[in-house]
Each structure stands twice: as structure tokens, then as C-alpha cells.
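A.B. asks: Provided herewith is a single structure, encoded as C-alpha cells, for subsequent inquiry.
Every number in this text was worked out from the coordinates using simple rules, so none of it is lab data. Model, not experiment: these values are computed from the prediction. In this analysis, Cβ positions are derived from the backbone assuming ideal geometry, glycine residues included, and neighbour counts consider all displayed protein chains.
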Amino acid sequence: MLILLPPSEGKAERGTSRARRLSFPELASPREKVLDALVSLCHTPGARDVLGLSDGQSGEIERNRTLPAARTLPVADLYTGVLYDNLGLGALSPEARRRADRRIIVFSGLWGLLRPSDRVPPYRLSMGVRLPPMGGLAAFWRPSIAGVLDATKGLVVDLRSATYAAAWQPGERGVAVRVLREAAGKRTVVSHMAKATRGVVARSLVETPDRPRTAGDLADLLAGLGHRVELAAPAGGNRPRTLDVIVGE
């Protein structure tokens, strides 16, 4: 089983070591191209607009400029957003952390794919950016990521946002998790709550040694772990199934 996660915009302020570790060596060349392009962009006056930053986020540009020599930290400690706060990688047992490193893949606009134990510096680059000269990063990364992930086997649990899902689709072996809030008999999507719930679901899936092989297995497993879930019918056309996680107010 693979668990696909987006990164978070919130990140630790600085790294702690010069050591750099990256899984998926097949991505070395596109990573170098994106890194070089990002550093070059951040030496130009248009960087803030391209990266979608506010006036108060100019420090992100300076941090990107120094990426090649910047100190690193584990991906498990890098991301600090709502999803990662609820996933709580740092608080997992040693066994669960090892499972997390085998099961979790984080999509990144800069690095392509990351494992929790990889070491990279804090950075700012969304997959939704059009980075000169390569253009849209989702389209740029798509063939390289497909070359890695198309060769994997087993169930793919997709907890990514649409921006990162655009970089690769798992096809019919995928299960796209959607979070719905139920109140007064109506169900709606709430972004902040969805991020928190995805983090909780991911934590459940790395804390258990069980390995679901089908979408039905996944639904049964999550229900057994206390989640309220509903599995949609197969979508057909080599598309992922949808698994709704229902939460209250």
C-alpha cells in the first residue's frame, strides 16, 4: 500500500544538518533542473509574483536563493500544516515510523517525490507554479513521476489536493479519499477540516500493520479503526474509486 500526501505551505524555519538524502534517485535530473530554475528565478524581481507570495513573504525568496547550500532536516519534521499536525509523524512508535517511511510518498513541486526519512532544506515552491523555463510544474513532473510510480504495485490511497493530484494518477488501483462534514442532514466539503481528517486517516494507516489490497479492504479497515466511511461504486475507465470519510460538526 502507498499513501500519497501533498506537502504543506507551512514548514520548519531552518534545517539542522548539511546532510542531504533523497529517495527515488531516478528523479535526480528533473530535481536539478527545477532547483536551478527556482534559484535563478529568486534572483529576479518577478519572483514574488511567479511564486504567488505576498509582500510579507519576501523571506521565502531569500531562503530559496540559498537552497543549494542550506541545512536540511527530515521530511517528517519539515512540514507543519494541519494535515501533518494530525498525522504526527514525530510521535509515532518506531514500528509505525518504519511503516510510514515505506508507505508514505509526499509530492513536492521542487523534489517531485519524497519519503518521510528524506532530508531536504525548507523551501517554497507549489506544484501549481508555472516556473520559467519549464512552465507548469505538474506537467513537467508528470512523465518522471509516472516512470517511478507506474512500476509500483498494490493499493494507492490518495490523500492529495487537486494541485498535486495533477502530477500523477494511480488509475483503477487508486482510492481517492474525500472528506465530508455532515450537519443537519447535509454533507459539505470543508477545506480545513478535510486536511485534519486526512492527517488522522494517514496516521491510522501507518499505525496498523494491516495491508489492505483492495478498495473494499481499505473501507473495512478504516471502519474497523473507528472512521465512518462510504465507498463509491467503481468509476470505470481506469479511474480511482472514491472513498468518503464522513465527519460530524
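A.B. asks: Which percentage, to the nearest 5, of the DSSP beta bridges contained in the chain is antiparallel? It would help to have the intermediate numbers written out before the result.
C.D. replies: Numbers: 16 of 32 bridges.
DSSP beta bridges in the chain are roughly 50 percent antiparallel.
A.B. asks: When we measure straight from the Cα of LYS186, which lysines land under 23 angstrom away, once same-chain ones fewer than 8 places off are left out?
C.D. replies: LYS195
A.B. asks: Compute the acute angle (0 to 90°) between the alpha-carbon long axis of helix 191-207 and the principal axis of greatest extent of the alpha-carbon atoms of the chain; round to the nearest 10°.
C.D. replies: Tilt of helix 191-207: around 70 degrees.
A.B. asks: About its Cα centre, how strong a charge dipole does region 104-229 have in debye, to the nearest 20, once Lys and Arg get +1 and Asp and Glu get -1 at the Cβ?
C.D. replies: Working: 18 positive and 9 negative charges, 76 e Å.
Result for region 104-229 is approximately 360 debye, rounded to the nearest 20.
A.B. asks: May I pose another question? Between region 185-249 and region 1-78, how many Å separate their Cα centres?
C.D. replies: Taking the Cα centre of each part, region 185-249 and region 1-78 sit 30 Å apart.
A.B. asks: Taking the Cα centre as origin and putting +1 on Lys and Arg beta-carbons and -1 on Asp and Glu beta-carbons, what dipole magnitude results for the chain, to the nearest 20 debye? Kindly include the intermediate steps, with their values, before the conclusion.
C.D. replies: Numbers: 36 positive and 25 negative charges, 75 e Å.
So the magnitude is around 360 debye.
A.B. asks: Pick out, from LEU205, TRP111, GLY81, the residue whose Cα sits farthest towards the positive end of the charge dipole of the chain, with +1 on the Cβ of Lys and Arg and -1 on the Cβ of Asp and Glu.
C.D. replies: The one lying farthest along the dipole's positive direction is TRP111.
A.B. asks: Using the alpha carbons of region 143-232, what is the convex hull volume per residue in cubic angstrom, as a whole number?
C.D. replies: Working: hull volume 10.2 nm³, N = 90.
Enclosed volume per residue, from the Cα hull, is 113 Å³.
A.B. asks: If you take the charge dipole of the chain about its Cα centre, with +1 on Lys and Arg Cβ and -1 on Asp and Glu Cβ, which of GLY15, LEU137, MET127 is farthest toward its positive end?
C.D. replies: Result: GLY15.
A.B. asks: If you take the Cα Rg of region 2-247 and divide it by 2.2 N^0.38 Å, with N the number of residues, what do you get? Kindly include the intermediate steps, with their values, before the conclusion.
C.D. replies: Working: Rg = 18.2 Å, N = 246, 2.2 N^0.38 = 17.8 Å.
After normalising by residue count via 2.2 N^0.38 Å, the value is 1.02.
A.B. asks: Moving to a separate point now. Report ³J(HN,Hα) in whole Hz for each residue of region 62-76, in order, from the Karplus equation J = 6.51 cos²θ - 1.76 cosθ + 1.60 where θ = phi - 60°; Gly and Pro get x.
C.D. replies: Karplus-based 3J(HN,Hα) across region 62-76 equals 4, 5, 5, 4, 9, 4, x, 10, 6, 6, 10, 8, x, 4, 4 Hz.
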